[in-house]
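Enquirer: Structure incoming, see below.
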Amino acid sequence: MKEKIKVFVIADHPFSPSGVGTQTRYMVESLLETGKFNFICFGGAIKHKDYLPQRLEKWGDDLVIYPVDGYGTQEAVRSIIRTEKPDMLWFMTDPRFFGWLWEMEDEIRPLVPMVYYHVWDNYPYPEFNKVWYDSTDVVVGISKLTYDIIKTVSPDVESCYLPHAVNSEHFKPLSKEERSQLREKMGIPEDQFIVFWNNRNARRKHPGTLLFWFKEFLDKIGHDKARLIMHTDPNDSNGPNLLSVIHNLGLDEGQVQFSTQKVDFPDLAAIYNVTDVTVNISDAEGFGLSTLESLSCGTPIIVTMTGGLQEQVTDGENWFGEGLEPTAKAVIGSQEIPYIYEDRVGKEDFLEAIEKVYNMTPEQREELGKAGAEHVNKNYKFENYTSRWEELLTSIHEKYGSWDTRSEYKTWYIEEV
């Protein structure tokens, strides 16, 4: 019997609620279903009660999760590679978190290939990332923008485009009757316009800005006509004190509702289904999973035309909500990321977009949402996501090998001077 391909994963904990964690979970669970793979995962980016290896009864030894601080350490990576002998290393998130990992690529790549699922938010082309791309066997872009960046900055590195996906078994449109029943259960009047915001309370997501602009929208249409549901932690230290903001704006009489508990996919899908529009006005967004989930549930979106959001709201011909072009593109930077655009949208553009959706008839919003769900099914189908990962990781294993069969890796190169 052919041995299973063993994949060492470094990313957010696959059962954490983050976008990175969710996509890691989708990839891992779907490939486990094939019976051709097993996984050793570093469960990073969350706090842990203890650091004992975690197993699920369903998967047994085919899925072992090691809790780590951050994304792990060089010593922990060395230990896993030497004791578990994986066939490849798969890692995902922003490259600024993985400098320490690429620094030891001369230890890893002679034994196993490195596969990077790359998250990047915006232009200009990050030439400073070239050293990282060139230190990887295969770089996979989560969005069309990211894929263009990889091809332009490091054209000699093997790369491909494999966008995020959502599980349509959970995130799907419900019937009118089911939506009405959910609204009644949640205490939402049938004629109230519901705006949903599902993000971490963080600076780049601009939750405070949204609250100020939403107040202006309510001032115009009436404070009882619409409600903003924010699925976030209002006290997150990475963002503003949202409870204080709504109090000072006079929005603490039901105009804004917080959903703070972590919920399973079906419960989250229920919120999208009672929603009239989902909003994301981030100034930088690698992909934006919440808006894809919204579209999959048949709910239109209002988004900044940045990162992966812009390929969700339009396919180039049709629109599945309102795309807000940046009114300013500031170049920001840090010691790790010398430059990147920060896309800011304008208040008037946002108010015009939300009023446009508000003034649609329920039938018009339903048609817009239906088109969005078809867009997701066509271009971000969950089954395609899982089958492409199976095909890609299998081909990488066959082409690059591991340990005794390792190939396509050179520790030298010839350059004409």
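Enquirer: Would you please name the residue that is surrounded by the fewest Cβ atoms within 10 Å (Cβ to Cβ), looking only at residues in segment 261-276 that are modelled with pLDDT under 95 and assigned to a loop (DSSP other than H, G, I, E, B)?
Expert: Result: Q261.
Enquirer: Out of (1) over 20 Å from K4 (Cα atoms); (2) acidic (D, E); (3) surrounded by 18 or more Cβ atoms within 10 Å (Cβ to Cβ), what's the single condition that is false for D87?
Expert: (1)
Enquirer: What is the residue count in segment 332-362 for residues that are free of Cβ contacts under 8 Å to residues at least 60 places away in the same chain and of a type in the set (A, V, I, L, M, F, W, C)?
Expert: Kept after step one, since they are free of Cβ contacts under 8 Å to residues at least 60 places away in the same chain, are these residues of segment 332-362: 332-335, 346, 348-349, 352-353, 356, 359-362.
Next cut, of a type in the set (A, V, I, L, M, F, W, C) only: 332, 353, 360.
Residues meeting the conditions: 3.
Enquirer: Considering G254, G208, G239, which residue is touching a residue at least 12 places away in the same chain (Cβ under 8 Å), on the phi > 0 side of the Ramachandran plot and in the same structural domain as I332 (by TED's automatic domain parsing)? Step through it out loud before you land on a result.
Expert: On the way: G208 fails: on the phi > 0 side of the Ramachandran plot; G239 fails: on the phi > 0 side of the Ramachandran plot.
Unique residue meeting the criteria: G254.
Enquirer: List every residue pair whose Cβ atoms lie under 8 Å apart, where the two residues are 6 or more positions apart in sequence or sit on different chains, the first residue falls within segment 50-75 and is under 19 Å from W90 (Cα atoms), and the second residue, located anywhere, is basic (K, R).
Expert: D61/R55; D62/K4; L63/R55; V64/R55; I65/R55
Enquirer: Closer than 25 Å to G250 by Cβ, modelled with pLDDT of 95 or more and among the aliphatic types (A, V, I, L, M) - does that describe any residue in segment 196-217?
Expert: Within segment 196-217, one or more residues are closer than 25 Å to G250 by Cβ, modelled with pLDDT of 95 or more and among the aliphatic types (A, V, I, L, M).
Enquirer: Is it the case that V112 is surrounded by 23 or more Cβ atoms within 10 Å (Cβ to Cβ) and touching a Cys at 6+ places or on another chain (Cβ under 7 Å)?
Expert: For V112, the condition - surrounded by 23 or more Cβ atoms within 10 Å (Cβ to Cβ) and touching a Cys at 6+ places or on another chain (Cβ under 7 Å) - is not met.
Enquirer: Oh, and also: Please tell me if A284 is touching a residue at least 24 places away in the same chain (Cβ under 8 Å), surrounded by fewer than 22 Cβ atoms within 10 Å (Cβ to Cβ), in contact with a Leu (Cβ under 6 Å, 6 or more places away or on another chain) and not charged (D, E, K, R).
Expert: Values: touching a residue at least 24 places away in the same chain (Cβ under 8 Å): yes; surrounded by fewer than 22 Cβ atoms within 10 Å (Cβ to Cβ): yes; in contact with a Leu (Cβ under 6 Å, 6 or more places away or on another chain): no; not charged (D, E, K, R): yes.
It is false that A284 is touching a residue at least 24 places away in the same chain (Cβ under 8 Å), surrounded by fewer than 22 Cβ atoms within 10 Å (Cβ to Cβ), in contact with a Leu (Cβ under 6 Å, 6 or more places away or on another chain) and not charged (D, E, K, R).
Enquirer: Answer yes or no as to whether E383 is among the acidic types (D, E), more than 16 Å from L295 (Cα to Cα), in contact with a strand residue (DSSP E or B) (Cβ under 9 Å, 6 or more places away or on another chain) and free of Cβ contacts under 8 Å to residues at least 40 places away in the same chain. Quick ask: steps written out before the conclusion?
Expert: Working: among the acidic types (D, E): yes; more than 16 Å from L295 (Cα to Cα): yes; in contact with a strand residue (DSSP E or B) (Cβ under 9 Å, 6 or more places away or on another chain): no; free of Cβ contacts under 8 Å to residues at least 40 places away in the same chain: yes.
So E383 does not fit the description; no.
Enquirer: Now for a separate question. Somewhere in segment 60-70, is a residue of a type in the set (S, T, Y), more than 23 Å from Y400 (Cα to Cα) and assigned by TED's automatic domain parsing to the domain that holds I142?
Expert: So in segment 60-70, the residues of a type in the set (S, T, Y) come out as 66.
Filter once more, keeping what is more than 23 Å from Y400 (Cα to Cα): 66.
The next check asks that each one be assigned by TED's automatic domain parsing to the domain that holds I142; those that pass are 66.
Within segment 60-70, one or more residues are of a type in the set (S, T, Y), more than 23 Å from Y400 (Cα to Cα) and assigned by TED's automatic domain parsing to the domain that holds I142.
Enquirer: In segment 33-49, which residues are touching a strand residue (DSSP E or B) at 6+ places or on another chain (Cβ under 8 Å) and touching a residue at least 24 places away in the same chain (Cβ under 8 Å)?
Expert: Within segment 33-49, the first condition is being touching a strand residue (DSSP E or B) at 6+ places or on another chain (Cβ under 8 Å), and the residues that meet it are 36-46, 48.
The answer is K36, F37, N38, F39, I40, C41, F42, G43, G44, A45, I46.
Enquirer: With the requirement that a residue be of a type in the set (D, E, K, R), within 24 Å of the chain's Cα centre (by Cα) and more than 29 Å from E374 (Cα to Cα), what does segment 152-185 give you?
Expert: Keep residues of segment 152-185 that are of a type in the set (D, E, K, R), which gives 156, 158, 169, 172, 176-179, 183-185.
Filter again for within 24 Å of the chain's Cα centre (by Cα), leaving 158, 169, 172.
Scanning segment 152-185 gives a single hit, E158.
Enquirer: Among the residues of segment 293-312, write down those that are within 16 Å of Y272 (Cα to Cα) and β-branched (V, I, T).
Expert: Once the filter is applied, which keeps residues that are within 16 Å of Y272 (Cα to Cα) and β-branched (V, I, T), segment 293-312 yields T299, I301, I302, V303.
Enquirer: So, in segment 4-57, exactly how many residues are under 15 Å from the mean Cα position of the chain (by Cα), among the hydrophobic types (A, V, I, L, M, F, W, C), outside any strand (DSSP E or B) and surrounded by 22 or more Cβ atoms within 10 Å (Cβ to Cβ)? If you could, list the steps in order and put the result at the bottom.
Expert: Step one: list which residues in segment 4-57 are under 15 Å from the mean Cα position of the chain (by Cα), which gives 11-27, 45.
Checking the rest, the ones that are also among the hydrophobic types (A, V, I, L, M, F, W, C) come to 11, 15, 20, 27, 45.
Remaining after also requiring outside any strand (DSSP E or B): 15, 20, 27, 45.
Narrowing the set further to residues that are surrounded by 22 or more Cβ atoms within 10 Å (Cβ to Cβ) leaves 20, 27.
Total satisfying the criteria: 2.
The values are calculated or read from the model by the stated rules, or taken from the named source; none is laboratory data. Only a predicted model underlies this, so the values are computations on that prediction, with no experimental measurement involved. Virtual Cβ from ideal backbone geometry, glycine too; neighbours counted across all protein chains shown.
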